[in-house]
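Chemist: I have a structure here, written as structure tokens, and I will follow up with some questions on it.
The values are calculated or read from the model by the stated rules, or taken from the named source; none is laboratory data. Remember, predicted model here, so these are calculated numbers, not experimental data. Don't worry about glycine lacking a Cβ; one is built from the backbone with ideal geometry, like all the others, and counts go over all protein chains shown.
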Amino acid sequence: MERVEKKLHRLKSNQILRDLCSETNFSVSHFVQPVFVNESIINNEEILGLKDNFVMSIEGSIKQIDSDIAKGVRNFLLFISPQKKSSKSFNLGFHQKVISSIKEEFKDDINLWTDVCLCSLTDHGHCCLFDNNQSIDLDNTLKEISNIALSYAEAGSDIIAPSDMMDGRTLSIRKTLDNKKFSMKPIVSYSTKFSSNFYGPFREAASSAPSFGDRKQYQLDYRSKSEAIRASIRCAEEGADMLMVKPGLTSIDLINEIREKTNLMVGSYQVSGEYAGLCLSEEKGLLNLNESLKETWHVMRRAGAQYIITYGARLAKEMGF
Ligand SMILES: [Zn+2]
């Protein structure tokens, strides 16, 4: 394993990040709100099952972030879908425009995290490139993923969040960023990400459903705890600054062990299917959404989650966080 320079300063560079990393309290500072921007969208479209979450245009996302800032949210995780998909060469012009437009508008009032993956770019919807035998072409996949991460950093993204689960991607991205003078740009790695049934509403929102097969070749098997822990250790060794488990509630048993083994902070992603389950149950009069969300967030926190990515981050402040 080639060594990369460890930089503890990366996570101390601004107040929003320092608040995010504080361990002794639990407030709206610890929440991350996903934001979906799609090049084909003119008017906001509500995401099925995710109450008050929309797929938006650039202008729509700026209005939404502005309103979320008033509700105390300072961390946003951006998912960008371009109109044109491809199997090998990717045009990142729209991505750069989204990131730079949002950063120009809000500057250092927010930390903009960008999800780095190939699935919203590829015509087949997988998180990787394939060779002629339909096997994962890892070398070219890592090259593309690292280029995407670099272009997001250049456009002004504050945090790079690779979600692809490809072997070696964190090291490849870290080296690419370091070589181009982005050595202070933190990588928050989706380090323990399961192949899960709970991603349904998201795939519609990010237009990233695979057109053939599934993602079991590269995402984790929920039956295997040791592999799940090992995946996070690997990202830590490759230079990730923070880690993540995903889905949220079905991964809480892993958080403390990953923290202990890596000495890195670990966040929990309350994924779309988990969130939609609560929204739809409320719609049927079966539970109270806010109270149920509060319970799930406290459970994630109790299990050791340092930060929580949730479609309800914008509700946290009015719920007393
Ligand atoms: Zn992906």
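Chemist: Give the number of residues within the stretch 163-174 that are crowded, with 18+ Cβ neighbours inside 10 Å, of a type outside the set (Gly, Ala, Ser) and away from the ligand (no atom under 13 Å from the Cβ).
Modeler: Residues flagged as crowded, with 18+ Cβ neighbours inside 10 Å, of a type outside the set (Gly, Ala, Ser) and away from the ligand (no atom under 13 Å from the Cβ) within the stretch 163-174 amount to 4.
Chemist: Another one. Kindly list the number of the only condition in (1) of a type in the set (Asp, Glu); (2) out of contact with any Gly (no Cβ under 9 Å at 6 or more places or on another chain); (3) modelled with pLDDT under 90 that fails for Glu5.
Modeler: (2)
Chemist: For the stretch 217-242, what are the residues that are charged (D, E, K, R), assigned to a helix (DSSP H, G or I), touching a residue at least 60 places away in the same chain (Cβ under 8 Å) and in contact with a strand residue (DSSP E or B) (Cβ under 8 Å, 6 or more places away or on another chain)?
Modeler: Listed by number, the list is empty, since nothing qualifies.
Chemist: Output the residue which, of all residues in the stretch 101-140 that are assigned to a helix (DSSP H, G or I) and out of contact with any Asp or Glu (no Cβ under 9 Å at 6 or more places or on another chain), is farthest from Val55 (Cα to Cα).
Modeler: Among those that are assigned to a helix (DSSP H, G or I) and out of contact with any Asp or Glu (no Cβ under 9 Å at 6 or more places or on another chain), it is Asp139.
Chemist: Write out, first by first residue and then by second, each pair whose Cβ atoms fall under 6 Å of each other, whose residues are 6+ apart or on separate chains, and whose first residue, in the stretch 273-289, is within 17 Å of Thr310 (Cα to Cα) while the second is modelled with pLDDT under 95 and surrounded by fewer than 17 Cβ atoms within 10 Å (Cβ to Cβ).
Modeler: Gly273/Gly200
Chemist: Right, next: Which condition from (1) in contact with a Ser or Thr (Cβ under 7 Å, 6 or more places away or on another chain); (2) over 19 Å from Met166 (Cβ atoms); (3) exposed (fewer than 15 other Cβ atoms within 10 Å of the Cβ) is the one that Asp221 breaks?
Modeler: Every listed condition holds for Asp221 apart from (2).
Chemist: Can Lys193 be described as charged (D, E, K, R), closer than 28 Å to Asp52 by Cβ and buried (at least 21 other Cβ atoms within 10 Å of the Cβ)?
Modeler: For Lys193, the condition - charged (D, E, K, R), closer than 28 Å to Asp52 by Cβ and buried (at least 21 other Cβ atoms within 10 Å of the Cβ) - is met.
Chemist: Hey, does the stretch 13-28 have a residue that's within 19 Å of the chain's Cα centre (by Cα), in a strand (DSSP E or B), closer than 21 Å to Gln306 by Cβ and modelled with pLDDT of 95 or more?
Modeler: Taking every residue of the stretch 13-28 in turn, none turns out to be within 19 Å of the chain's Cα centre (by Cα), in a strand (DSSP E or B), closer than 21 Å to Gln306 by Cβ and modelled with pLDDT of 95 or more.
Chemist: Something else: Could you list, ordered by first residue, the pairs with Cβ atoms under 7 Å in which the first is in the stretch 243-271 and without any contact (Cβ under 8 Å) to a residue 24 or more places away in the chain and the second is assigned to a helix (DSSP H, G or I) and not hydrophobic (A, V, I, L, M, F, W, C), at least 6 apart or interchain?
Modeler: That search, which allows pairs on different chains as well, returns nothing.
Chemist: Mind listing whichever residues of the stretch 146-162 are within 14 Å of the ligand (Cβ to nearest atom) and in a helix (DSSP H, G or I)?
Modeler: Ile148, Ala149
Chemist: Quick check on the stretch 203-257: of everything there that is acidic (Asp, Glu) and within 19 Å of the chain's Cα centre (by Cα), which residue is nearest to Ile309 (Cα to Cα)?
Modeler: The selected residue is Asp241.
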